[in-house]
Amino acid sequence: QRLLHIINYSNTTECWNFIITIGAYLRYTDLRSACLSQADLSSADLTGADLRYTYLRQADLSSADLTGADLRQANLTGADLENISWNEDTKWENVQGLDEAINVPEALKNDLTSS
């Protein structure tokens, strides 16, 4: 119910105001299996969010905070990962399309190949 109010609010405001106002409500959110294809999640605070099996194809995740997020089995094909934040608690196992994502930080590539 709370998420529906947030989504309805997003249709009534400028994008930047939406991010500032709503971004905090995405922390620890269960977005499992959601279809967020082409979504603008730039600068979103997705700390601890459950993004398992989420379809993030061509989503803008630039400057998003993925600290502690669970991205297992998520589809990141074509997603923009420029300047994202993550940590050792961020779960990347079996993420799909990372090789086709854009602006993947070198440090992330190194972390994933050394795991």
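Every read-out reported here was derived from the displayed coordinates using simple, explicitly stated rules and does not represent laboratory data. Predicted model, so just to flag it, every value in this text is computed and none were measured. Positions of Cβ are backbone-derived with ideal geometry, glycine not excepted, and every protein chain shown enters the neighbour counts.
Structure data summary
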{"read-out": "Output for region 56-108, where each listed residue is farther than 15 Å from residue 42 by Cβ and outside any loop (DSSP other than H, G, I, E, B)", "value": "70, 75, 91, 96, 98, 99, 100, 106, 107, 108"}
{"read-out": "Subset tally (residues that are surrounded by 17 or more Cβ atoms within 10 Å (Cβ to Cβ), touching a Lys or Arg at 6+ places or on another chain (Cβ under 8 Å) and not in a loop (DSSP other than H, G, I, E, B)) for region 24-55", "value": "2"}
{"read-out": "Qualifying position, being hydroxyl-bearing (Ser, Thr, Tyr) and in contact with an Asp or Glu (Cβ under 7 Å, 6 or more places away or on another chain), among 54, 77", "value": "77"}
{"read-out": "Failed condition for residue 94, given (1) surrounded by fewer than 19 Cβ atoms within 10 Å (Cβ to Cβ); (2) touching an Asp or Glu at 6+ places or on another chain (Cβ under 6 Å)", "value": "(2)"}
